[in-house]
Amino acid sequence: MSNSGVGASGLSGWGNYPRVSTELLAPQTPAGARDHLLARSGVVARGAGRAYGDAAIGTQSTISSRGLNRMRSFDAATAQLTVEAGVTIADILAAFEPRGFFLKVVPGTKFVTVGGAIAADVHGKNHHRDGGFGNIVVSFRLALPGGEIVTCCRSENAALFAATLGGMGLTGMILDATLRLLPIETAWLRQDTRVAGNLDAAIDQLESSASTTYSVAWIDCLARGAALGRSLVYLAEHATRRDKDMLGPDLAPFPSVRTSRLSVPELFPGWLLNRASMRAFNELYFRRGAAHQGKVRLVHWDPYFFPLDAIADWNRIYGRRGFVQYQCVIPQGRARRVLADILDRVSRRGDASFLAVLKLLGDASGPMSFPLRGYTLTMDFPVTETLFAFLDQLDALVVDAGGRLYLAKDARQSRATFESGYPGLAALRDIREQTGANTRLASHLSARLGI
Amino acid sequence: MTGTKSILVIGGSSDIGHATALRYAREGWRVTLAARDLEAAQRNADDIRTRSGVEATVQALDVLQTGQLAGFVAGLSALPDTVVCVVGELGDQLRAQTDPELATTIMRTNFEAPSLLLELFAQAFEARGSGTIVGVSSVAGDRGRASNYYYGAAKAGFSQFLSGLRNRLALAGKVRVVTVKPGFVRTKMTAHMKLPAPLTVQPDRVAEDIFRADVMKPRDVIYVARRFWLVMTIICALPEPVFKRMRI
C-alpha cells in the first residue's frame, strides 16, 4: 500500500519518527528470508511498516516480508487458512469476504501483514470478548537466528509460540501462519451509536455493553470541563442475513468493495492542523454522529473497522517531523480517575490529536501482549520539542496505575516505564537466550528498551 | 463466471505471470502455469487456488530447450483458450558485451524461444478455430538503448514477430494476437533498479490490462502504463544524431 518509511534518509515506522538508516532486505521467498536472517546480526523482520515507532527497524539490517505474499491453502471445512507472513489482512478479506469468511480479530487498519499482526498481537474492538489476534492463530513457522525453521502452536514449542505473540519480532522471523477464519452471513455490521456527554458516561456505556461484540468510543479531545471526554460510542454486531433483510432489504449481502482514491499529498501543510480547524471538524463529526443516536443501522465492515484506510498516507498530515501515537492501557479499577487526569492534561496542552479512541480490553494473554483487563486510550501527537517531556508525565500516571504502553505504537518510552509495565519480559528474555536471538535479533525498539 | 475457460501462462514463476493468472482465475478461468522453476510455479499456483478457489496446476517447461516445444504443446491435456507468454530475461548488458554466451541466452530467451513456442500455439489455435495469444514484450524493444540493447533488440524482434503473426491470423479472423509492452514494472527482475515512480506500475496493473485487452475490450497492442505510449512515441521520434548522444 504505502511506501511509508522507505527513503534515502532511512527507514521509519508509520509515525515517520524516528527515521534511522538500516540495510533493507527484500527476499522474495520464505527460504530467501531465512538465508538473510542466518547471515545477519542486529536484524529484525518488517511487515507493512505500520508499527508507528521503531519496532520494525533493525539496528543494522531489516528484512521485509512483503515478498512473502503468497497464500498457501484454505480448508473450507475447518475455515483454516495458511498464508505467508507478508500477506495482509486486506488481501485475506478481499479473497474471503465474498466467500463468507471474515477475521475474528482485526486491528484499526487492514494494511498490516499477518506476520506483523502476530508479532504485535494486535487487538480489535472486540478484545473484551474475543481476545487478541493470537487467539485466531492456529500455528506458525518461525525462522530462528541459527537458520532452523520451527513450527509453533499451542501444543508444540508452546513457550516460543506464546513469546512470539506480542514479541515484536524478537524471537525469530515468522515465515507463514495458519489462521482460523470466522464464517459470516453478510458483509454488514449492525451499528448502534450512543452519545456520551463525558468520560464517565463513555466508560459506563462501554461497561454496560460488554456483552456486545464490538465496541469503541471516539473521544473529542478538545472538549473540556464538564464535557471532558465527551464521546460517540459505536456498538456493533455482524449482521445476520435476517438483520440485513430487515434493516436494508435492497442491499446486497456481500457488496463489492469500493476502493478509495483519497490520499494526502506528500507536503501537507502542517498549519492546516490548527485548533480552529480541528474544533470545527470535531463539532461536525459529533453532530453527524449524534444524529444517528438510537437508530440501529447497517454499516459496511470496511468503514466500520478501518475508517482511516479510506485516506491513503494519512500519516502525512503531521508533516516531516512526524508524530507519536500514544496508546496506554489502565487497569479497570483505576481507569476512570487516571484517564480523566490524562485527558485533562492533554486538553490543556492543546496540540493533541483531535480525536482519541477509548476501548475496553479483556484479560491479558501471552507474556508480551499489550492488553490487560482495563481501558485503553489512543491519541496522536505531532513531534515537537516539548512533547516527550509531556508524555513522560503521562507515563508516570500510567506506571503508577499499573498500566502499560503498546509497543507497536511506541517510539520513546523509557526502560523503567517499559519494565514496570511488562512483567512477562523475563519470559521473552529466556526464550531469546535459548534460541540465540538475544545476540542476533535487535530492533531499535529492543535496543532502546534493553530487551 | 466463465468456468469452462482456461489460460496457460508461459513463465508462470514470474511476478507478471502470477498476477496475470490470478486475474483470470478471479473470473473463474482454470489456470495452468508453465515454468522451468517448478517449485516457484507451484507456490504461485497454490496462491491462485487459495485466493480464487479455482483449479490451478503447473507444468514443467524450459523454453530454451526448443526441440521439446512441439512435444510440450502436443502433450497438453487440453488446449487453453488463452496463452500468455511472459518469458523474459533482462540479463546484464555490460557482461553480455564481452560474454557471447550470455548475449545469446538473452536473445534466445526474449525472442527465439517465445516466438517458436507461440507459432506452435498459433497453429493449434488455427486448427481449433479459436484462441488468444498474448505476448509480453517490452517498451525496450521500441528503440535500442546503450543500457540494455541485447534485451531491447530481442524484445524488438519479439514485437515484430507478434505483429507479423497478428497480420497473418487477422485474415481468417479466428485467432487474436495481443502485444503487451510494459514500461517499468516492480518485479523480481527490476528489484535491484531505481525506477521513476510516476512511470512504474505493479504487476497486477499489467495483469489487469492484459485481461481487458483479451476479454473485455479487445486491443492489438497495449502499453502499460498507458502513458508510456506517449513517452515511446517521443523517444522514437528523436532523430538518430540526437538520440545517439543521449543517456536515457
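When the stretch A:13-35 is examined, which residues are found to be away from chain B (no Cβ under 14 Å), surrounded by fewer than 18 Cβ atoms within 10 Å (Cβ to Cβ) and in a loop (DSSP other than H, G, I, E, B)?
Listed by number, the list holds a single entry, A:Ser21.
Looking at the stretch A:368-379 only, could you name the residues that are surrounded by fewer than 21 Cβ atoms within 10 Å (Cβ to Cβ) and closer than 19 Å to A:Asp410 by Cβ?
Listed by number, the residues that qualify are A:Leu372, A:Thr378.
Would you tally the residues in the stretch A:332-374 being among the hydrophobic types (A, V, I, L, M, F, W, C), part of a helix (DSSP H, G or I) and within 27 Å of A:Ile136 (Cα to Cα)?
Step one: of the stretch A:332-374, the residues among the hydrophobic types (A, V, I, L, M, F, W, C) are A:335, A:338-340, A:342-343, A:346, A:352, A:354-358, A:360-361, A:364, A:368, A:370, A:372.
With part of a helix (DSSP H, G or I) added as a condition, the list becomes A:335, A:338-340, A:342-343, A:346.
Right, trim to within 27 Å of A:Ile136 (Cα to Cα) and you get none.
Number satisfying all stated conditions: 0.
Could you look through the stretch A:92-142, keep only residues that are of a type in the set (Phe, Trp, Tyr) and within 20 Å of A:Thr378 (Cβ to Cβ), and pick out the one that is surrounded by the fewest Cβ atoms within 10 Å (Cβ to Cβ)?
Among them, the one singled out is A:Phe111.
For the list (1) part of a strand (DSSP E or B); (2) within 12 Å of chain B (Cβ to nearest Cβ), I need the number of the one condition that A:Ile63 fails.
Single failed check for A:Ile63: (2).
Would you point out the residue of the stretch B:162-185, among those that are in a loop (DSSP other than H, G, I, E, B) and without any contact (Cβ under 8 Å) to a residue 24 or more places away in the chain, that is farthest from the other protein chains (Cβ to nearest Cβ)?
By that ranking, first place goes to B:Leu171.
Just give me the residues in the stretch A:217-249 being closer than 23 Å to A:Ala280 by Cβ and not in a loop (DSSP other than H, G, I, E, B), in sequence order.
Scanning the stretch A:217-249 gives A:Ala217, A:Trp218, A:Ile219, A:Asp220, A:Gly225, A:Ala226, A:Ala227, A:Ser231, A:Leu232, A:Val233, A:Tyr234.
Can you list residue pairs whose Cβ atoms sit under 7 Å apart, with the first residue in the stretch A:303-319 being outside the structural domain of A:Phe111 (by TED's automatic domain parsing) and part of a helix (DSSP H, G or I) and the second being modelled with pLDDT of 80 or more and of a type in the set (D, E, K, R)? Count only pairs 6 or more apart in sequence or on different chains.
A:Asp309/A:Lys110
Table: residues versus (1) free of Cβ contacts under 8 Å to residues at least 24 places away in the same chain; (2) in contact with a helix residue (DSSP H, G or I) (Cβ under 6 Å, 6 or more places away or on another chain); (3) surrounded by fewer than 18 Cβ atoms within 10 Å (Cβ to Cβ); (4) not assigned by TED's automatic domain parsing to the domain that holds A:Ala201.
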| residue | (1), (2), (3), (4) |
| --- | --- |
| A:Arg288 | yes, no, yes, no |
| A:Ala291 | yes, no, yes, no |
| A:Trp301 | no, no, no, no |
| A:Arg345 | no, no, yes, no |
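Have a look at B:Ala127, B:Ala70, B:Ala103 and point out the one that is surrounded by 18 or more Cβ atoms within 10 Å (Cβ to Cβ) and at pLDDT 95 or above.
The unique qualifying residue is B:Ala103.
Among the listed residues B:Arg219, B:Arg247, identify the single one that is modelled with pLDDT under 90 and among the basic types (Lys, Arg).
Residue meeting the stated conditions: B:Arg247.
For the stretch A:38-50, enumerate the residues that are touching a helix residue (DSSP H, G or I) at 6+ places or on another chain (Cβ under 7 Å) and either within 14 Å of chain B (Cβ to nearest Cβ) or not in a strand (DSSP E or B) (or both).
A:Ser41, A:Gly47, A:Ala48, A:Arg50 - these are the residues of the stretch A:38-50 that are touching a helix residue (DSSP H, G or I) at 6+ places or on another chain (Cβ under 7 Å) and either within 14 Å of chain B (Cβ to nearest Cβ) or not in a strand (DSSP E or B) (or both).
Which fully enclosed helices (runs of 4 or more DSSP H) of the stretch B:202-248 have 3 or more residues being of a type in the set (D, E, K, R) and in contact (Cβ under 8 Å) with a residue 12 or more places away in the chain? Even if it seems obvious, please write down each step before you answer.
Values: elements: B:203-211, B:228-237, B:240-243.
Output list reads B:203-211.
Taking the stated definitions as given, is B:Phe228 touching a Pro at 6+ places or on another chain (Cβ under 9 Å) and either among the hydrophobic types (A, V, I, L, M, F, W, C) or within 14 Å of chain A (Cβ to nearest Cβ) (or both)?
Here the answer is yes, as B:Phe228 does meet what is asked.
I'd like to verify a number: residues in the stretch A:79-129 that are farther than 25 Å from A:Thr212 by Cβ and either within 14 Å of chain B (Cβ to nearest Cβ) or modelled with pLDDT under 95 (or both), how many?
16
From (1) surrounded by fewer than 20 Cβ atoms within 10 Å (Cβ to Cβ); (2) among the small types (Gly, Ala, Ser); (3) assigned to a helix (DSSP H, G or I), pick out the condition that doesn't hold for B:Ala19.
Just one mismatch for B:Ala19, condition (1).
Residue check, A:Arg432 against (1) surrounded by 18 or more Cβ atoms within 10 Å (Cβ to Cβ); (2) modelled with pLDDT under 95; (3) not in a loop (DSSP other than H, G, I, E, B), all met but one. Which one?
Result: A:Arg432 passes all but (2).
The values are calculated or read from the model by the stated rules, or taken from the named source; none is laboratory data. For clarity, every value in this text was computed on a predicted model and none was experimentally measured. Note: ideal-geometry Cβ built from the backbone for every residue, glycine included; neighbour counts use all protein chains shown.
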